[in-house]
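Okay, structure first, notes after.
The values are calculated or read from the model by the stated rules, or taken from the named source; none is laboratory data. Please read these numbers as outputs of a predicted model, since none were measured by experiment. Note that we place each Cβ from the backbone using ideal geometry, even for glycine, and neighbour counts take in every protein chain shown. Surface accessibility is based on the protein's heavy atoms, side chains included, excluding ligands, DNA and RNA. Shrake-Rupley method; radii C 1.70, N 1.55, O 1.52, S 1.80 Å.
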Amino acid sequence: MSQTITVTVNGTAHTAEVEQRQLLVHFLRETLNLTGTHVGCDTSTCGCCTVHLNGEAILSCSLLAVQADGCAVRTVEGLQQDGVLHPIQQAFHENHGLQCGFCTPGMMMAALGVIEQHPDASDEEVREALEGNLCRCTGYQNIVAAVRSAADEMARS
Amino acid sequence: MIPSALSYTKAGTLDEALAAVAAGARPLAGGQSLVPMMRLRLAAPEGLVDLGGLAELVGICEDGDELAVGAMTTHRSVAADPQILASCHVVAQAASGVGSLVIRNRGTIGGSLGHADPHADLPAALLAAGGAVIVRSSRGERRIEADDLVTSYLTTSLASDELITQVRLPKGAARSAYAKFHRRAIDWSIVGVGVTIGSAGTRVAVTGVGDRPLRATGFEDVINAGGSLDEAVAQAGTGMSPLDDLDGSAEYKLHLVGVLARQAYTEASGR
Ligand SMILES: Cc1cc2nc3c(=O)[nH]c(=O)nc-3n(C[C@H](O)[C@H](O)[C@H](O)COP(=O)(O)OP(=O)(O)OC[C@H]3O[C@@H](n4cnc5c(N)ncnc54)[C@H](O)[C@@H]3O)c2cc1C
Ligand code: FES
Ligand code: FES
């Protein structure tokens, strides 16, 4: 069955007819061409597909697109503004928080889900925010350092 | 993979949801077990009714000597709720250890109990607390005690037209704790143990060692008869026959039951 949905993605309302079985991540990648949100697993365990739904970090591979009808979604593409990197993107760059970059969009969205509400989150809270996000490259230390530094920067501005 | 073809409706009222379930639709709560199973085609429901719009199923309030928790309350809310932390700690602690934060943002207490995975934490925590669920159908409402809720692998005593609407937590379960063992932060419990030291005695429940959460009656009997913690731990796995599998041997899992029961009991006594 198909259904017409309207989802506001990074501030822009998109109306489209989707199959009711379509996952949100496929709607983002294939219908809207927003391929920054990655698919890294088939078992809801890698976190690469993390986006924000009405302000909360969630797995876009574990939600049907129709469940997002009428909702606001934020993806990694919505982070930079007018060509200026978001503090978390700048911090990942400066702290070597990525190598291949496959996990990075999900890492940043999961981290923002916590530090936007609690910029003073402890290292332990940052690690908890990222417990559902796997990285095969970095060893995580620089990711935590990047999130810490972004949180400090965001608290200042 | 992509889920197989289905027809989806979002319930606007509880009555609409009950009518859809009675007509054969599968309830969709947080989707953190059902959607992954649909992706793997381990589940292929033809009809889904989304409970996500039912505000009356979300929230926590006091009702006499119990806390009434709406079925659609997320693990994240349960884990952080001051009343549950204070009066039924074991359930808040179990909710805080479910999957990862992104999963706890969507997964619900009603979905976890309705799903009844043999490694799930909430069914064991509810059993340790001595809680219950309220279930509703178009025929009416009834209460199912935690001891009678899960009957086998992924199977509950709900009739096919019933929905869990509320979870009831006793306020007298303040001295309680949940301890789980898993390999990675996001993993399910290999074994998890909930303990409540209540006025009517100590209740201990274990996940991961059978087709449903089991009471550790060996441990309970020793402690409730005034025996020592060491003696109780030695009896913790009595009557349980876990399977040898990729998580470990039956012997290893029985050892974990004792270790975790000691940990949870010690933590609960200190509360
Ligand atoms: C990677 C990963 C790790 C996880 N780790 C853990 C863990 O460590 N411990 C743990 O306990 N769980 C874990 N889970 C499961 C997760 O917590 C789910 O939230 C939970 O099992 C189901 O809740 P849900 O709200 O998402 O339900 P859904 O997935 O929407 O539904 C699950 C089942 O319950 C039924 N159902 C839903 N609501 C109701 C209702 N109100 N009445 C009757 N039936 C209903 C549905 O029809 C379906 O059959 C994990 C999941 C993933 C993906
Ligand atoms: S794609 Fe791996 S968790 Fe969503
Ligand atoms: S940078 Fe390669 S997976 Fe994380």
TODO: For chain A, find the longest principal axis of its Cα atoms and tell me its angle to the long axis of helix A:141-156, 0 to 90°, nearest 10.
DONE: 90 degrees
Open item on the list: Rounded to whole Å, give me the distance from the Cα center of segment A:42-85 to that of segment B:126-145.
Closed with: 35 Å
TODO: Hey, can you grab everything whose amide H is under 5 Å from the amide H of B:Val191? Only 5+ residues off in sequence or another chain; H modelled, so Pro and N-termini drop out.
DONE: B:Phe181
Task: Kirkwood Rh (inverse of mean 1/r, distinct Cα pairs), chain A, angstrom - done: 15.8 Å
TODO: Taking the dipole about the Cα centre of segment B:98-171, with the C-beta of Lys and Arg at +1 and of Asp and Glu at -1, give me whichever of B:Val133, B:Tyr153, B:Pro118 is farthest to the positive side.
DONE: B:Val133
Open item on the list: Taking θ = phi - 60°, what integer Hz values does the Karplus form 6.51 cos²θ - 1.76 cosθ + 1.60 yield along segment B:20-27, in sequence order, with x for Gly and Pro?
Closed with: 5, 5, 4, 8, x, 6, 8, x
Task: Cut-off under 5 Å, modelled amide H: who pairs with B:Thr156 long-range - done: B:Thr151
Task: Per residue accessible area of the protein assembly as shown, 1.4 Å probe, in Å² - done: 41 Å²
Open item on the list: Just to confirm the filter: which trypsin sites (Lys or Arg not before Pro) across segment B:31-91 are DSSP coil and have at most 16 other Cβ within 10 angstrom of their Cβ?
Closed with: B:Arg41
Task: Spatial separation of Cα centroids for segment B:161-200 and segment B:235-250, in angstrom - done: 19 Å
TODO: Filter the trypsin sites (Lys or Arg not before Pro) in segment B:134-186 down to the DSSP loop ones having no more than 15 other Cβ atoms within 10 Å, then list what survives.
DONE: B:Arg139, B:Arg183, B:Arg184
Open item on the list: Do any residues of segment A:1-41 show a loss of at least 40 square angstrom of accessible area between the isolated chain and the full protein assembly, using a 1.4 Å probe, and if so which?
Closed with: A:Met1, A:Gln20, A:Arg21, A:Leu23
Open item on the list: Taking θ = phi - 60°, what integer Hz values does the Karplus form 6.51 cos²θ - 1.76 cosθ + 1.60 yield along segment A:103-109, in sequence order, with x for Gly and Pro?
Closed with: 7, 4, x, x, 4, 5, 5
Open item on the list: Ratio of alpha-carbon Rg to the 2.2 N^0.38 Å globular estimate for segment B:7-50, to two decimals, please.
Closed with: 1.12
Task: Considering only the protein assembly as shown, percent of DSSP beta bridges that pair antiparallel, nearest 5 - done: 85 percent
TODO: Note the angle between two axes, namely the Cα long axis of helix B:250-269 and the longest principal axis of the Cα atoms of chain B, as a number of degrees from 0 to 90, rounded to the nearest 10.
DONE: 80 degrees
Task: Rg ratio (alpha-carbon, reference 2.2 N^0.38 Å) - the protein assembly as shown - done: 1.00
Task: Rounded to the nearest 20 debye, dipole of segment B:60-147 from Cβ charges on Lys, Arg, Asp, Glu - done: 380 debye
- [ ] Take every residue in peptide A:56-66, count the Cβ atoms of other chains within 10 Å of its Cβ, and give the average of those counts.
- [x] 6
Task: Convex hull projection area averaged over all views, segment B:55-170, Cα basis, nm² - done: 6.7 nm²
- [ ] Would you calculate a helix-derived [θ] at 222 nm for chain B, using -39,500 (n - 2.57) for each DSSP H run of n ≥ 4 and dividing by the full residue count, to the nearest 500?
- [x] -8500 deg cm²/dmol
- [ ] Please work out the Cα center distance from segment A:87-121 to segment B:18-69, rounded to the nearest Å.
- [x] 32 Å
Open item on the list: Along the charge dipole of segment B:1-125, pointing to its positive end and built from +1/-1 on Cβ of Lys, Arg, Asp and Glu, which listed residue (B:Pro27, B:Ala71, B:Ser7) has its Cα farthest out?
Closed with: B:Ser7
TODO: Please grab the % of Cα pairs in segment A:2-76 that end up more than 21 Å from each other.
DONE: 14 percent
TODO: Return the Rg/Rh value of chain B, two decimal places, where both radii are evaluated on C-alpha atoms and Rh is the Kirkwood radius.
DONE: 0.97
Task: Portion, in percent, of the accessible area of segment B:55-170 that falls on carbon or sulfur, probe 1.4 Å - done: 50 percent
Task: segment B:176-269 pair-distance distribution - Cα-Cα, 5 Å bins, rounded % - done: 3, 16, 28, 26, 16, 8, 3, 1
Task: Of B:Ile84, B:Leu51, A:Leu34, farthest towards positive along the dipole that unit charges on Lys, Arg, Asp, Glu beta carbons give the protein assembly as shown - done: A:Leu34
Open item on the list: With +1 on the Cβ of every Lys and Arg and -1 on the Cβ of every Asp and Glu, and nothing else charged, how large is the dipole of chain B about its Cα centre, in debye rounded to the nearest 20?
Closed with: 560 debye
- [ ] In square nanometres and to one decimal, what's the mean projected area of the convex hull around the Cα atoms of segment A:87-156?
- [x] 3.8 nm²
TODO: Note the buried accessible area between A and B here, summed over both chains, with a 1.4 Å probe, in Å² to the nearest 100.
DONE: 2600 Å²
Open item on the list: Looking at chain A only, what percent of DSSP beta bridges run antiparallel? Nearest 5 please.
Closed with: 90 percent
